[in-house]
Amino acid sequence: MKHILLIEDNPPDAKAVTRYLCSMPIQCRVHLVSDGIAALSYLQQLVISETDPPPDLVLMDLDLPGISGYDLIGHIKGDPTLRCTPLVVLSGSESQDDVVRCYAAGANAYLVKPGSPERFRRLADTIHSMWFDLGRTP
């Protein structure tokens, strides 16, 4: 079973992303947090407890309360235990500056939030293909 950490503060987006992730052709568990501080706390608990491995994928919104998305990426990628965890930004922003800043901070991919159910389905298919089917992670 794959473990996905979803960091999303918009309830309708969180519900849609979770629904489509859970429809992928693999079993997955989606843990949802609604801000960057809660995400860091959750990840630190996993690292400290050593009972559960880090998530197989972190999927995060960029515009989060509590801590900026850029800072959150830096914290996650700066932790030796988490730095190899794939981190995908899922944002409503199509700004090239945001894309560049996310990659510079250490994001592994930047995806624009889909605006329709069909595009959400394609997003889930893309995530499955890249991170769990064709792609390999440490």
For the chain, what is the charge dipole size about the Cα centre, in debye to the nearest 20, if Lys and Arg each add +1 at the Cβ and Asp and Glu each add -1 at the Cβ? 420
Taking the chain and dividing mean pair separation by its residue count, relative contact order in percent (alpha carbons under 8 Å, at least six apart): 23
With -39,500 (n - 2.57) per DSSP H segment of 4 or more residues and division by the full residue count of the chain, the 222 nm estimate, nearest 500 deg cm²/dmol, is -12500 deg cm²/dmol
Contour excess over end-to-end distance, with Cα ends at His31 and Thr126 and 0.36 nm allotted per residue: 32.2 nm
5 angstrom amide H check on Ile67, placed H, neighbours 5+ away: Gly36, Ile37
Picking from Ala124, Ala109, His31, whose Cα lies most toward the positive end of the charge dipole for the chain (charges on Cβ: Lys, Arg +1; Asp, Glu -1)? Ala124
Please go through segment 42-116 and write out the trypsin sites (Lys or Arg not before Pro) that DSSP classes as loop and that have at most 15 other C-beta atoms within 10 Å. Arg83
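Every read-out reported here was derived from the displayed coordinates using simple, explicitly stated rules and does not represent laboratory data. These figures come from a predicted structure and were not determined experimentally. Backbone-built Cβ (ideal geometry, glycine too); neighbour counts: all protein chains shown.
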